[in-house]
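What follows is calculated from the coordinates using simple rules that are stated; it is not laboratory data. None of these values were measured; they are calculated from a predicted model. Note that each Cβ is placed from the backbone with ideal geometry, even for glycine, and that neighbours are counted across all protein chains shown.
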Amino acid sequence: MLLRRAPLALALLLAGCSRTADTFQPRIVVTSPDGSGMTSARDLNIKGYVMDDTGAVRLTINGEAVPLDSGSAKIRYFTYQPGSDALKGEGKTFAFAARDAAGNESNLKLSLNVDAKLPQIKVTGFERIGKTIRVSGVATDNDRIEEILVDGTRLNITSGPKVSFYAETQGIWADLEAIDRAGNVTKLRAE
């Protein structure tokens, strides 16, 4: 009697050891460019990682296969630099598709504004008294000025498309820098 029930008990025991089906979709995380949605054309690199419980096996961006690093099985990093044709115009959408070993897929769309225009700096006042230099001006951009530096020192400004500034520094001239939200930089030496 006991031998007839043994196969049934063995089947029930082995059923508890079976693997559950993988239903976890891969997660696509973009770490660069930052969340502002603005980037410069000169250095557009899209970076991030794909996370999955069994391991991501494939990533495409706009239909183009992107290599995944051979890091850990559950988190695989990627870097993608689109060709120059992909950067023509201002607004761009990148379509990501990731697939894991079980065939689960996930999609992500990333919209970026590509800013190829450099900010402008106009010096409106320059005065030298001994070794002290007083400089004032206006920085403008098609989007938004984020930083103004005078001799490497960041000025306290309110960002916007047109920013007035004033600074005092020491030396023979004043090196000015204007940086927009996309990271484009314009430098000017006021003498």
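Below are the figures for this structure:
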quantity	calculated
Spin-label zone in the range 45-71 - amide nitrogen under 17 Å from a point set 7 Å from the Cα of Ala21 along the C-beta vector	54
Entries in Lys47/Lys117; Lys47/Lys162; Lys92/Lys122 that, when Cα-Cα distance is taken, lie over 29 Å	Lys47/Lys162; Lys92/Lys122
Peptides 102-111, 123-132 ordered by average Cβ neighbours within 10 Å, highest first	102-111, 123-132
